[in-house]
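In what follows, a single structure is set out as structure tokens and then discussed.
The values are calculated or read from the model by the stated rules, or taken from the named source; none is laboratory data. Please read all numbers here as calculations on a predicted model, not as lab measurements. Reconstructed Cβ throughout: ideal geometry from the backbone, glycine too, with neighbour counts over all protein chains shown. Accessible surface is based on the protein model in full, side chains and every heavy atom, while ligands, DNA and RNA are left aside. Shrake-Rupley method; radii C 1.70, N 1.55, O 1.52, S 1.80 Å.
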Amino acid sequence: MALSLRAQLEQGVKSLSLTLAPDTIEVLLQYLQEFSRWNKAYNLSAVRNIDQMVSRHLLDSLAILPHLPDGRFIDVGTGGGLPGMVMAICRPNQPLTLLDSNGKKTRFLFHVKTLLGLDWVEVENCRVESHQSHEKYQGVVSRAFASLSDMTHWCQHLLADDGCFYAMKGIYPEQELLDIQPDFELKQNIPLSVPGEAGQRHLLVINKRPVKPE
């Protein structure tokens, strides 16, 4: 017998060695239900089966949580809110901006923010290069940006001097890392094991290379 969505999520959370309150699990499932419902019309994801979404979307996003510091974050190219909406649900009252240039996707994000009462979330419908913030971000996270070169180039104006990029990748992207030298450096490579997903996953923590005094 197939496990319920709740059982799948709870098992996955346990496998990731995370501790989430029952209320948080409930809100994550509400988000997933809305994601699945809106996906039919708004094409938020190529994954159509809600059971597959538990591992492919929720657990994949949850896997990075232990490796993120506290502070102000922005999720660029967030789409339907991955990983940003999952981060927001699990890290209440930590300022988080969800940015996407697709109006349909940001309408969904506004809907979810209102429905779930996520007052600490800002939704921005614009291209990343045009986004200006009154305060720089401690972390710029992305699950879907095309390349590390694009991510670091288009988003560097958003990052605090001591902040980092957090790039979610599949196979370890050796060439992409070479392409961002000498301006940026890999601070940490964190292999991730996502319950229910067989493919490679990595979280790359990247920072601006310090300018050496002449």
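Some observations on this one:
- For Arg127, the shell of other residues with beta-carbons less than 15 Å away shows a net charge of -4, using +1 for Lys and Arg and -1 for Asp and Glu.
- Helix 5-15 axis, angle to the chain major axis (alpha carbon atoms, nearest 10°): 50
- Residues of the chain: accessible area per residue with a 1.4 Å probe, Å²: 50
- Gained length - Leu186 relative to Gln200, 0.36 nm times residue gap less alpha-carbon distance: 3.2 nm
- If R0 is 25 Å, the Cβ-Cβ spacing of Leu115 and Gln94 corresponds to a FRET efficiency of close to 0.80.
- Percentage relative contact order, the chain, counting C-alpha pairs under 8 Å, at least six apart: 17
- Relative to the longest principal axis of the Cα atoms of the chain, the long axis of helix 103-116 makes an angle of roughly 60 degrees.
- Above-threshold pairs, the threshold being 26 Å between Cα atoms, out of Lys14/Lys104; Lys105/Lys136; Lys14/Lys136: Lys14/Lys104; Lys14/Lys136
- Ser149-Ala21 FRET efficiency (beta carbon distance; Förster radius 41 Å; 0.05 resolution): 0.55
- Check: the range 76-128 dipole with +1 on Lys, Arg Cβ and -1 on Asp, Glu Cβ, in debye: 160
- The range 96-214 - percent of accessible surface contributed by carbon and sulfur, probe 1.4 Å: 47
- Between Glu10 and Ser133, the modelled labels are 3.6 nm apart [label points 7 Å from Cα along Cα→Cβ].
- Rounded to the nearest 20 debye, dipole of the range 118-214 from Cβ charges on Lys, Arg, Asp, Glu: 240
- Residue (of Val205, Gln52, Ser130) at the positive-pole extreme of the chain, dipole from beta-carbon charges: Gln52
- Alpha carbon centroid spacing (whole Å) that separates the range 62-94 from the range 1-56: 16
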